[in-house]
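The values are calculated or read from the model by the stated rules, or taken from the named source; none is laboratory data. Every value quoted in this text rests on a predicted model; they were computed, and no experiment measured them. Cβ sites come from the backbone with ideal geometry, for glycine too, and all protein chains shown count toward neighbours. The accessibility values were calculated without ligands, DNA or RNA, using every heavy atom of the protein model including side chains. Shrake-Rupley method; radii C 1.70, N 1.55, O 1.52, S 1.80 Å.
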Amino acid sequence: MGLYKRSSALFHEATKYIPGGVNSPVRAFKSVGGDPIYIKKAEGAYLYDEDGNKLIDYINSWGPMILGHANKKVVNAVIERTKLGTSFGTPTEIETEIAKLAVNMVPNIDKIRFVNSGTEACMSAIRLARGFTGKDKIIKFSGCYHGHSDSFLIQAGSGAVTFGAPNSPGVTKGTAKDTLLAKYNDSNNVAEVIAANKNEIACIIIEPVAGNMGCVPPKENFLRTLRELCDANNILLIFDEVMTGFRLAKGGAQELFNINADIVCFGKVIGGGLPVGAFAARNEIMNHLAPLGPVYQAGTLSGNPLAMSAGLAMLEQLNSDAEIFNRLKEKTDYLHKGLKEVLTNARVVHTINQVNSMISVHFTADSVVDFETSAKGDNPTFKKFFHGMLAKGVYIAPSAYETWFISDALSYDDLDATIKACSEVAETL
């Protein structure tokens, strides 16, 4: 790995002081082998690592960099805000500015509460749903990932699957008993779970487009059926839009699929690249939060002015650009077509899933519609594919269970270079 000599040295130094050498497990390259790449800087569509390599980026900080890295308006907003102080622990006007903009962009929400991560947003949304309904149990879906709080690590996707430990030690049996598992894209299964736990379920939480078992779209009418089941059984429907919010459309998956959720969770794009999460709902539900209501949620750095300035600068650009989401879809469509053509010509068994600017390649002949079918992917082939693409200057997620994220900074020359790299790598698979 001469191309990554410094990255390798940095990683081995990090392992002395940081568990596994990383602060988030999937970064460790455990599922693909080798040492992780250390990034020195990023700009536009590119990453530049510590060894001087330039990489076309399809991770985009796992989604937030929808406009590309080091976006000038976002960077300048943070710089100017920093000059005024980094944190006060008091209300600031900018919190109201971004809250007002988010509420105006997203359908079916009246109020929004900002937190520090997607995990925190989903955890808080579950607590709010339980407090609002007076019921304890929740339904989540196998393969969906909603962060690392105990209620969600019963069976997860992404990092937990990558390491073969979907049921994490440290999660108590008492917590596990209140989390019910359903099969993604199987509304009959959901109905059976509800019937077996009648009047006990507070909410159903779902990634409206799954991104942690690779990109997995909802089947036609699946989300609508969930909405109907929730309405019929006095259950709140929570959309985890940490990935899809402000990415698939201005109003996220609710707008794209024309389905209203009761509570919506956000992260990634809403922070412009800084640590931000949020959850939102109609007044009736949000007014149950402290200090208005009895459901407690708090955070010292929630609404941090630097994070709010980055998020506001990001959302303002997305809100003002009428063509941004069309451009993103067109670029992803172009990439999809090119990858499919070269993999098919090379006779590589594969399936490609895409929803607007989320896309992933699954090395299986079967349609990938849930965790079970995603898990059938050929991981040895994925490992070869990952390292082959990396060697040619294309950086995709180091896990077969992660979606790719397309940024508007990608040019068609970048897409062509990626397709050409895929063609060359495909001949070796």
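Some notes on this structure:
- Residues of region 186-220 satisfying the condition of being closer than 27 Å to Ile285 by Cα, in a loop (DSSP other than H, G, I, E, B) and of a type in the set (S, T, N, Q): Asn197, Asn199
- Considering the conditions (1) touching a Phe, Trp or Tyr at 6+ places or on another chain (Cβ under 6 Å); (2) open to solvent by less than 20 Å² (accessible area, probe 1.4 Å), His350 is excluded by exactly one of them, (2).
- Test: residue in region 264-271 that is free of Cβ contacts under 8 Å to residues at least 12 places away in the same chain, assigned to a helix (DSSP H, G or I) and under 26 Å from Leu223 (Cβ atoms): no
- Conditions (1) in a helix (DSSP H, G or I); (2) modelled with pLDDT of 95 or more; number of the one not met by Arg27: (2)
- Some residue of region 56-72 being more than 19 Å from the chain's Cα centre (by Cα) and assigned to a strand (DSSP E or B): yes
- Qualifying residue in region 89-103 (condition: at pLDDT 95 or above and closer than 29 Å to Cys422 by Cβ): no
- Region 104-127 residues that are assigned to a strand (DSSP E or B), paired with ones that are among the charged types (D, E, K, R) and open to solvent by 40 Å² or more (accessible area, probe 1.4 Å) (beta carbon under 7 Å, 6 or more apart): Phe114/Glu95
- Glu255 vs. criteria out of contact with any helix residue (DSSP H, G or I) (no Cβ under 6 Å at 6 or more places or on another chain), part of a helix (DSSP H, G or I), acidic (Asp, Glu) and touching a residue at least 60 places away in the same chain (Cβ under 8 Å): yes
- In region 13-69, of all residues being aromatic (Phe, Trp, Tyr) and touching a residue at least 12 places away in the same chain (Cβ under 8 Å), the one that is nearest to Gly311 (Cα to Cα) corresponds to Trp62.
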